[in-house]
Structures are given as C-alpha cells and as structure tokens.
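Asks: First the structure, then my questions, so here it is.
The values are calculated or read from the model by the stated rules, or taken from the named source; none is laboratory data. On a predicted model such as this, the values are computed, not experimentally measured, just so you know. Cβ coordinates were reconstructed from backbone atoms using ideal geometry, including for glycine residues, and neighbour counts include every protein chain displayed.
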Amino acid sequence: MDTSVKNRMSKKERIEARIPADMKDLILAAAKMENLSLSDFVISSALSAARGVLRANAILELSTRDQVLFAETLINPPMPKDALTEAAGRFVGRENS
C-alpha cells in the first residue's frame, strides 16, 4: 500500500461517497490491517487503481499480424485518397491567405 498519502502537505480537494455499512466495515478492516486511517486507505487504493488503469490504457498491444501490418504501412504508406488530397489543399490555401 502506498503510505505516501499520509505525507501529503496540501489537502485542498474533497471526495465523498455514500456506501452501505457492510462495505465501510470491510474497507475499515482492511485499512486497520495496513495501519492506515480509513481516508488514507481509500485514497491510497484509489490512486493505485487509477495508476493501473492509466498504465494499462497507455500501452497499445498488437497481435503479431497487426504488428507486421503496422510496420509495412509505415515502410510503404498507401497513397492518400482524393478526398484527403483535396482537404489538404484547402487547408494549405487557408493558411496562406
């Protein structure tokens, strides 16, 4: 458990949650086992979960087939479609006027 929550100096924001008593009792029991206050345990657990979600979503995993397709597309990019070429021309025209 990340106990650095206890060392945070500036606590300006607030989070509130309403939960059933049995959930609170469960969380409180876990907090006591970690020697943390209920608030510190909830914050530490939420931070850990948030970091995990962000880490998991920051990494793009491709199958071998998709990796090869991606590399081939980078090496030999397809010609742009007419609509893209026309849109790029209009964009450049706007930038130069």
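Asks: Name the pairs: first residue in region 71-96 and more than 26 Å from residue 61 (Cα to Cα), second residue of a type in the set (A, V, I, L, M, F, W, C) and surrounded by 10 or more Cβ atoms within 10 Å (Cβ to Cβ), Cβ to Cβ under 8 Å, at least 6 apart or on different chains?
Replies: Short answer, once both residue conditions are applied: 80/88.
Asks: What residue, among those in region 77-88 that are surrounded by 10 or more Cβ atoms within 10 Å (Cβ to Cβ) and of a type outside the set (A, V, I, L, M), is farthest from the chain's Cα centre (by Cα)?
Replies: 86
Asks: Do we have any residue at all in region 15-34 that's surrounded by 10 or more Cβ atoms within 10 Å (Cβ to Cβ), touching a Ser or Thr at 6+ places or on another chain (Cβ under 7 Å) and modelled with pLDDT of 90 or more?
Replies: yes
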